[in-house]
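Take a look at the structure below.
The values are calculated or read from the model by the stated rules, or taken from the named source; none is laboratory data. It should be emphasised that the depicted structure is a prediction, and the values quoted were computed from it without experimental measurement. Cβ placement follows ideal geometry from the backbone for every residue including glycine, while neighbour counts extend to all protein chains displayed. Ligands, DNA and RNA are excluded from the accessible area calculation, which covers all protein heavy atoms including side chains. Shrake-Rupley method; radii C 1.70, N 1.55, O 1.52, S 1.80 Å.
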Amino acid sequence: MEQETTTQPKELGALLLEIGVSLLASGASCSRIRITVARFASAYSFAPHTTIGPKSVTITLNDEDGLAIFSGSRSIPAQGVDFKIISGISRLSWNVVEKKLSLHQISYELDRLRSVKYYPRLVTLLFVSIAGAAFCFTFGGNIPEMVITFGATFCGLFARQEMAKQKFNPYICTYAGALVASLFAGAFIKAGVNLRLEHAFATSVLFLIPGVPLINSFTDLIDGNTMNGMVRGVNALLFALAIAFGLLTTLLVYNMNG
């Protein structure tokens, strides 16, 4: 192992960059990225200096004498949320510390993590819709409102997924999801159904709330990563505005007031 760490700093640095950008693209906070990269590097007796931008990761590896022997940077096109990648890389980092895995084994495990299939689309649609109905119940909705929220969430998420498959801008995808979901719920209100459907209309778009960017923005600001925290906060604000514009469009289409 000692021979590998002294003769392959470039391979290790490239692998750490791959790990860093994978975590950043999956929605990990800056502190988690730094801690995870440092855990990998320390297993091979290197001290990393990690700089994280809104869409880039730069890593410099120092040897035991403090001399820089590797420096590199990688960028990502966009960020999303993938807890499978985040948790998988975290477990892998502890395996490296405990079992002293080789660089080839780490690379193999990273490829395996990326190849793990997601849940079937229908399963995702059903369970997210059930979660939306549960939110409706939590906020005081009755059974009919929960059923309407289920349908609105299902249709809105389906529309958002379809637009994402066509490579539309993420904010446009969010706007479309909010518009379709609120149009579905608002149709029952406009039809004059003798039910109070305010809870269904309000909770039909909760599946679009940018929870992870908001949390990461707060934690990055607390940790002193001011620039990244502000960027993620503005990003979350834009998603919130897209949701608001989707609801506003529905109010205008159905001529709802109050």
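Using the reciprocal of the averaged 1/r over all distinct C-alpha pairs, how large is the Kirkwood radius of region 192-258 in Å?
13.9
Over 29 Å between Cα atoms: which of Lys55/Lys99; Lys84/Lys167; Lys10/Lys165; Lys10/Lys84 fall into that group?
Lys55/Lys99; Lys10/Lys165
What ³J(HN,Hα) values, in whole Hz, does the Karplus curve 6.51 cos²θ - 1.76 cosθ + 1.60 give for region 16-32 when θ = phi - 60°, with x put for Gly and Pro?
Couplings: 5, 4, 4, 5, x, 6, 5, 5, 4, 5, 8, x, 6, 6, 4, 5, 5 Hz.
When the label point is put 7 Å from the Cα of Val81 along its Cα-to-beta-carbon vector, which residues of region 207-232 have a backbone N closer than 13 Å?
207-217
Provide the per residue accessible area, probe 1.4 Å, for the chain, rounded to a whole number of square angstrom. Kindly include the intermediate steps, with their values, before the conclusion.
Values: 13990 Å² over 258 residues.
Here the per-residue accessible area is 54 Å².
Compute the relative contact order of region 151-225 as a whole-number percentage, counting only Cα pairs closer than 8 Å that sit 6 or more residues apart in sequence.
33
Once the Cα gyration tensor of region 183-229 is found, what semi-axes does its equivalent ellipsoid get, as square roots of 5 times the eigenvalues, in whole Å, sorted largest first?
In descending order, the three semi-axes are 39, 8, 6 Å.
Please get the size of the charge dipole for the chain, origin at its Cα centre, with Cβ charges of +1 on Lys and Arg and -1 on Asp and Glu, quoted in debye to the nearest 20.
On the way: 20 positive and 16 negative charges, 152 e Å.
That gives a dipole near 740 debye.
Mind grabbing the accessible area of Leu221 for me, 1.4 Å probe, Å², rounded to tens?
80
Dividing the alpha-carbon Rg of the chain by 2.2 N^0.38 Å yields what? Intermediate values should be presented prior to the final figure.
Working: Rg = 22.5 Å, N = 258, 2.2 N^0.38 = 18.1 Å.
Compared with the compact-globule rule of thumb, the chain sits at 1.24.
Could you run the Debye sum over the Cα atoms of region 93-226, one equal point scatterer each and no solvent, and tell me log10 of I(q)/I(0) at q = 0.10, 0.18, 0.19 Å⁻¹, two decimals?
-0.50, -0.99, -1.04
Using Cα-Cα distances under 8 Å and only pairs 6 or more residues apart, what relative contact order does the chain have, in percent?
Working: 355 pairs, mean separation 41.4, N = 258.
Reported relative contact order: 16 percent.
Under the classification rounded if a/c is under 1.5, otherwise prolate if a/b is larger than b/c and oblate if not, where does region 7-98 fall, given a ≥ b ≥ c as square roots of the Cα gyration tensor eigenvalues?
Details: a/c = 2.18, a/b = 1.38, b/c = 1.58.
Oblate shape, in that a/c is at least 1.5 and b/c is the bigger or equal ratio.
Amide H of Ser26: which non-local residues (sequence gap of 5 or more, or other chain) have their own amide H closer than 5 Å, using H built in the peptide plane?
Gly80
For q values of 0.14 Å⁻¹, compute log₁₀ I(q)/I(0) with the Debye formula on a Cα-only model of region 143-195, without solvent.
-0.38
Calculate for the chain the 222 nm mean residue ellipticity that helices alone would give, adding -39,500 (n - 2.57) per DSSP H run of length 4 or more and normalising by residue count, nearest 500 deg cm²/dmol.
Details: 11 runs with 174 residues, N = 258.
Only helices count here, giving -22500 deg cm²/dmol.
Would you mind pulling out the separation of the Cα centroids of region 116-168 and region 76-98, in Å?
26
For the chain, give the percent of accessible area contributed by carbon and sulfur heavy atoms, probe 1.4 Å, rounded to a whole number.
65
Across all directions of projection, what mean area in square nanometres is found for the Cα convex hull of region 17-166? All intermediate terms of the calculation are to be shown ahead of the outcome.
On the way: hull surface 45.2 nm².
Mean orientational projected area (region 17-166, Cα hull): 11.3 nm².
Using the beta-carbon distance between Ser115 and Ile143 and R0 = 51 Å, what value does 1/(1 + (r/R0)^6) give for FRET efficiency, to the nearest 0.05?
Approximately 0.75, to the nearest 0.05.
Work out which trypsin sites (Lys or Arg not before Pro) in the chain are exposed loop sites (DSSP not H, G, I, E or B, at most 10 other Cβ within 10 Å) and give the longest gap free of them.
The reported range is 1-116.
What does the convex hull of the Cα atoms of region 96-162 come to per residue, in Å³, rounded to a whole number?
130
If I model a spin label as a point 7 Å beyond the Cα along the Cα-Cβ vector, how far apart are those points for Glu98 and Glu11 in nm?
In this crude label model, Glu98 to Glu11 measures out at 2.5 nm.
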